[in-house]
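Taking it in order: structure first as structure tokens, then the write-up.
Where a number appears in this text, it was derived from the coordinates with a stated rule and is not lab data. Just so it is clear, the structure is predicted and the values come from calculations on it, not from any experiment. So basically every Cβ, Gly included, is an ideal-geometry build from the backbone, and we count neighbours across all protein chains shown.
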């Protein structure tokens, strides 16, 4: 009943004052939305300026963006692809601010995003700030710039961005983790030792390969032997923060400099070479494209291939099963065979 009285008795300016009162009273976001809707109806301002997205409404409830909207401002919404072009996100522009809404059915992805972006910023690297999250996904700030694989960039701009990415990797890998694998909290990961971590990589990826009819028995046996060798010979190493999904699409650049890293849903405590596996595989599979892996390592320093091998195998298994690059599967299996033989 109170919302009806508010809409009939007060102007949008008064609603702003009432909003502050309700905010201090910690009233639920959807009730504030009801007040705004009624005020818009009375003032002949289209309620279409407000999205149905409840996380965006929570953001509006918490921030000064409500003042902008009550003055007649609009919210622009655009669809964008992220990652390997599979995940569609919504980008909300409210005045001069941008926010990204990402849907996720996996709570661990939200935990990883929060922890990874926070640790990344602590290392002096720009990353999104998660504003709100729930069981459906998260809302975070937008990182300026364009993806490093954007068609708007020429080759020299991409090369400059790759060189800067090598320096950014140095900063990222200076952040120590307390263990290996996914982050349960900032101070806790899945595994205490590198051997345990390799064992889990073997178990998870080998089982996926065996269940599929895309891998021969000879290939799966070689994969098992290679991982067994790494498990037996692994020594104590300091785990560090790794992104684990560094493709050019997750690196934003402007004027040849990295403006930030995005999409930390897969970040883990691991060894530094893990972050180069995807770039290495993409360079092997797409030799007609610029040598991104080589350009990044020119500024980062030499990457030991023996340390890289298990992570390259993991990426190739994933690519053969899901084929995000739309490359002939036989070509990918040929590269896998070459990796397994070397």
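Worth pointing out:
- Order of 102, 211 under a 10 Å beta carbon neighbour criterion, fewest first: 211, 102
- Gyration tensor (alpha-carbon) shape descriptor, the range 267-342, a/c threshold 1.5: prolate
- Computed on the range 146-341, the Cα convex hull volume stands at 116 Å³ per residue.
- Order of 218, 263 - criterion: other Cβ atoms within 10 Å of each residue's Cβ, fewest first: 218, 263
- Cβ crowding within 10 Å, taken as a proxy for footprinting-reagent exposure, orders 252, 243 from fewest neighbours to most as 252, 243.
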